[in-house]
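Remarks on the structure that follows.
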Amino acid sequence: MLRFIVQFLVTCLALWLAERIVPGVGFNDSTTLLLAAILLGVANAIVRPILTVVTFPLTIITFGLFLLVVNAAVIGLVAWLLDGFVVDGLWAGIGAAIVTGVVSWIAGWFIGDGSRRAD
């Protein structure tokens, strides 16, 4: 449960930072930001794996860079589903995907993946 809460907070931070850095990404209020983080977690768990499998040949051809488009599409889907969360076009979505990916990577580096053994 604690891991879920930490991941939720990291996603909130990442989306907030994406709003501040990437032009074309915005939220109406903090409630929308919290709902977007929840929806993004659900979409990453359900939709993203399906898109990753379907687009696997493009991912191989582009040496993995197409995953940015997949992540941008998932963020765009969340924006489409949630009033008050705006992602203005593909480049804004890719920028938001980069920011959220970097923030998640940094947080994972600090927090760890939970698979440490006690030796």
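The values are calculated or read from the model by the stated rules, or taken from the named source; none is laboratory data. Nothing here was measured: the structure is a model prediction, and the numbers come from that model. For neighbour counting, all protein chains shown are included, and Cβ atoms are generated from backbone atoms with ideal geometry for every residue, glycine included. These accessible areas exclude ligands, DNA and RNA; they are computed on the full protein's heavy atoms, side chains included. Shrake-Rupley method; radii C 1.70, N 1.55, O 1.52, S 1.80 Å.
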- Task: Determine the sum of side-chain charges near G95: Lys and Arg each +1, Asp and Glu each -1, restricted to other residues whose C-beta is under 11 angstrom from that of G95.
- Result: -2
- Item | Per residue value of the accessible surface for the chain (all protein chains in place, 1.4 Å probe), Å² | 66 Å²
- Put +1 on the Cβ of each Lys and Arg and -1 on the Cβ of each Asp and Glu in the stretch 1-115; which of L2, N28, L82 then has its Cα farthest toward the positive end of the dipole? L2
- Can you pull the Kirkwood radius for the chain, inverse mean 1/r over Cα pairs, to one decimal in Å? 14.8 Å
- Note on the structure: Expected unfolding gain across N28-I50 under the 0.36 nm per residue rule, minus the alpha-carbon gap, is 4.9 nm
- Task: Sort 36-49, 70-83 for me by packing, meaning the mean count of neighbouring Cβ atoms within 10 Å per residue, highest on top.
- Result: 70-83, 36-49
- Between Rg and the Kirkwood Rh of the stretch 1-67, both from Cα atoms, what is the Rg to Rh ratio? 1.06
